[in-house]
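The values are calculated or read from the model by the stated rules, or taken from the named source; none is laboratory data. What you see is a predicted model, and the numbers here were worked out from it, not measured in a lab. In this analysis, Cβ positions are derived from the backbone assuming ideal geometry, glycine residues included, and neighbour counts consider all displayed protein chains.
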Amino acid sequence: MTDHRLTALSPLDGRYCEKVNALRPIFTEFGLNKRRVTVEIGWLKMLAACPEIEEVPPLTQGALRRLDALLDNFGEAEAARIKEIESTTNHDVKAVEYFLKESISDTPELAAISEFIHFACTSEDINNLSHALMLRDGHKVVASALDSVQTLLIALAQRHAEQPMLSRTHGQPATPTTLGKELANVAARLAHQQQAIASIKPMGKINGAVGNYNAHHAAYPEIDWPAISRDFLSTLDLAWNPYTTQIEPHDYMAEYFHGLIRVNTVLIDFARDVWSYISLGYFTQKVVAGEVGSSTMPHKVNPIDFENAEGNLGLANAILSHLAEKLPISRLQRDLTDSTVLRNMGVAIGHTLLALSSLERGINKLEAAPEPMNADLDASWEILGEAIQTVMRRYGIPEPYEKLKALTPGQRLTPEAIHEFILSLEIPEDARQRLLALKPATYLGYAASLARDIDTAIR
């Protein structure tokens, strides 16, 4: 077989490959090696800019252009060459070093300083920075997809801000809300978690074999290597971690992955609720021409987008959980258990991105169905018991809760029965009239305004 989509082990590279294409330049062997090249070239430039390192003179504009071109033109052929070298070295970072030395051999100025490529670095110096760059770039893709879902949620919340809807607590009829307010709740939760993960700054280190600049200091004791390290991290727009072993401890990664788990959990909750509202008839779904809902029941339009989203969010969270729990743990100064695990960052984020794509598609298909919502409200007058007993409390009527409980438990009440009870109460007439005018569809508190204001509330 030649179609990789039919033979891929992962559906991310098979069935769903087009939906995660934005991640392929980032969370792949290609993406990792391109960022390793970025770090190695950046480090060589940093050394050349350090006047104390006389063996690496300042680079001419021509040499700088050559290095920039090497990075700008890095493509699949270059990545393949690294893999070819790795087949001999059996060491992926060393293969990058040899690739760079090979690539600059035609430029005498750079060839003369080629031994300063990877100077005083352990492989983890290159890898931790490369992974930080991958995570930073990958989050931009995820954040964009999250923003798209959030925008749709806000629009839907505001569009249906005033549509009354029966709430359910423990699956039972409860105090009414509006459809828009329920959607606004999701938007608010999502915004809070988005803000939390956006504040996490990828960190890095370039401090040698066990984090003490041992080799750096042995070669150039007069240089302030921690300052050089900090300055280099700033050129990559990464936060500097001055205290590490051989590895950057990945704590910020764990924080990010836990944050993404919380985002995904909010969306799982949303997907399940929408599924329930579709089941109740509160939402219908736009029919896509040619799409089949059931192979035997032609009437069905299944909520597959929300089901697919829920499934992929669960897969993402399972992998993210392992990443978050495993990566901060390393035996003594270094073991390699993180190396193979880190290669799965793209898998976790890929399932997240796939889920977001499903949610966006599903939300765009949703159409509110006011009739079932209004009918459920009109059949649930007993929910006004909360309002009535609260007014009774205000005016000092004893045991209001108990009186309403005796009237309403486990049974549907008619408007007439509710009104008869209200008329029997010894309360001011204006309060009585307010209660008599109340309907399940109008007992909404601030729900509509909260839904309308959601955009400004979370920005």
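Just a few scattered comments:
- Selection status of E182, touching a strand residue (DSSP E or B) at 6+ places or on another chain (Cβ under 9 Å), part of a loop (DSSP other than H, G, I, E, B) and either without any contact (Cβ under 8 Å) to a residue 60 or more places away in the chain or not assigned by TED's automatic domain parsing to the domain that holds E386 (or both): no
- For segment 433-459, the candidate set comprises residues that are in a helix (DSSP H, G or I) and among the small types (G, A, S); within that set, the residue that is farthest from I154 (Cα to Cα) is A437.
- Taking first residues from segment 244-261 that are more than 11 Å from L135 (Cβ to Cβ) and partners that are acidic (D, E) and at pLDDT 95 or above, the Cβ contacts under 7 Å between residues at least 6 apart in sequence or on separate chains come to Q246/E124; I247/E124.
- Residues satisfying the stated conditions in segment 420-432, i.e. among the aliphatic types (A, V, I, L, M) and not in a loop (DSSP other than H, G, I, E, B): I422, L423, A431
- For segment 309-321, the criterion of being within 24 Å of L166 (Cβ to Cβ) and assigned by TED's automatic domain parsing to the domain that holds L260 is satisfied by at least one residue.
- Checked against the criterion of being of a type outside the set (S, T, N, Q) and in contact (Cβ under 8 Å) with a residue 40 or more places away in the chain, the candidates A379, A375, A437, A369 yield just one match: A369.
- The single condition among (1) at pLDDT below 95; (2) in contact with a Ser or Thr (Cβ under 9 Å, 6 or more places away or on another chain); (3) of a type in the set (K, R) that R5 does not meet is (2).
- Residue pairs meeting the criteria (Cβ under 6 Å; at least 6 apart or on separate chains; first assigned to a loop (DSSP other than H, G, I, E, B), in segment 6-27; second of a type in the set (D, E, K, R) and surrounded by 14 or more Cβ atoms within 10 Å (Cβ to Cβ)): I26/D137
- When restricted to residues that are surrounded by 16 or more Cβ atoms within 10 Å (Cβ to Cβ) and farther than 13 Å from Q150 by Cα, segment 363-377 contains 9.
- Matching residues, segment 215-255, being within 14 Å of E124 (Cβ to Cβ) and not hydrophobic (A, V, I, L, M, F, W, C): S229, N241, T244, T245, Q246, E248, P249, H250
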